[in-house]
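Take a look at the structure set out below.
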Amino acid sequence: MIKQVLHISLKMTLAGIIALFIAYVLGIEYYTTAAAIAVLSIQWTKTDFIIIAIKRLISGVFAILLATLLFIVLNNSFIVFAVFLIIFTVISWLFKIQEGIVPSVVIVTHFMLVPQITASFVLEETLLLLIAVGTAFIVNMIYPQYSFKKVRYDLKRVDKIIAYELNNIVLNLEKNEKNVSILESKENFKKIMLEAEMVDRDVLIKNDHRYITYLYMRNTQLETLELINKHLGLIKNDHPYKDIVAKFLKKLSQNIDFDDRASNLKLELESLRKYFIETELPKSREEFEVRAMLFQILNELELFLQLKIDFHNQYPTFNQ
């Protein structure tokens, strides 16, 4: 998060300085306003910026036209400015362009400072708006903030989290070792997810959202493992199936990566379920309860594997 704050602070500084310099060189009277609007226009990601920039351009042009009309027809006064504020803010909220209210009002305050509204003044204010938003656009578009190399590294970290939790379940089955580390894993996962969502919104061209979709898939798998942990907490007695399920889970934990290994593992899981069904029925209530819970775990594991299979069906070239 600290790195992201440093990045957006640097983007704001660059946009402000460049916009100020351009407006000053072009001889715009209120050139300092260009810096303020440029800084306000900088956003965390490119997608966020484009949405905000379009709204601010529409809002700014509308504000300049409305102010020009009101100040020419009704003269320059505080009452007219108040009327402008009422009309402008209401329309901005109605048409959902409220993000442009602050910079637009700043521009219109210049109308209060000139003795007469002229065509050249209106054009200058419009140019000021374009310089500010345009500079912010260039800085936001070319600033190299996020890296897909870093994203793939984070995806591997997520895979390690999943494998780690699977191994914890194995320990639970084999040695009845209870482990609550899944809470810590969820926190780590959440941090990775936030950064990945930033990257996803920062990519405008050829973005099929595969990386963020991968994380959503793994997040659902993590929730499935959390559910399996709860089921394990209800198992009070030993059962021969526990070792068989643990062996399968251990193999599963060793096959957590970018490739589609889930399809073959699902076939093994189906064979495992068939074997359980064909074996002798439980002789006591306790055995029946343990067996039923283990069957429920197999169902959860089937969902776990199907999530990965569905992902590869959607992105067959993910690891190429």
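The values are calculated or read from the model by the stated rules, or taken from the named source; none is laboratory data. None of the values given here were measured: they were computed from a predicted structure. Every residue, glycine as well, gets a Cβ built from its backbone with ideal geometry; the counts of neighbours run over all protein chains shown.
Observations
- Picking from residues in the range 73-111 that are over 42 Å from the mean Cα position of the chain (by Cα) and among the aliphatic types (A, V, I, L, M), the one that is surrounded by the most Cβ atoms within 10 Å (Cβ to Cβ) is V80.
- Odd one out for Q98, checked against (1) over 16 Å from I72 (Cβ atoms); (2) at pLDDT 90 or above; (3) not aromatic (F, W, Y): (2)
- Residue check, S9 within 17 Å of Q98 (Cα to Cα) and among the hydroxyl-bearing types (S, T, Y): no
The rows are residues; the columns are (1) of a type in the set (D, E, K, R); (2) without any contact (Cβ under 8 Å) to a residue 60 or more places away in the chain.
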| position | (1), (2) |
| --- | --- |
| A19 | no, no |
| L26 | no, no |
| R56 | yes, no |
| I64 | no, no |
| F88 | no, yes |
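- The range 117-127, residues that are within 11 Å of I72 (Cα to Cα) and touching a residue at least 40 places away in the same chain (Cβ under 8 Å): I117
- Residues being at pLDDT below 85, over 30 Å from W44 (Cα atoms), in a loop (DSSP other than H, G, I, E, B) and assigned by TED's automatic domain parsing to the domain that holds L301 are entirely absent from the range 245-259.
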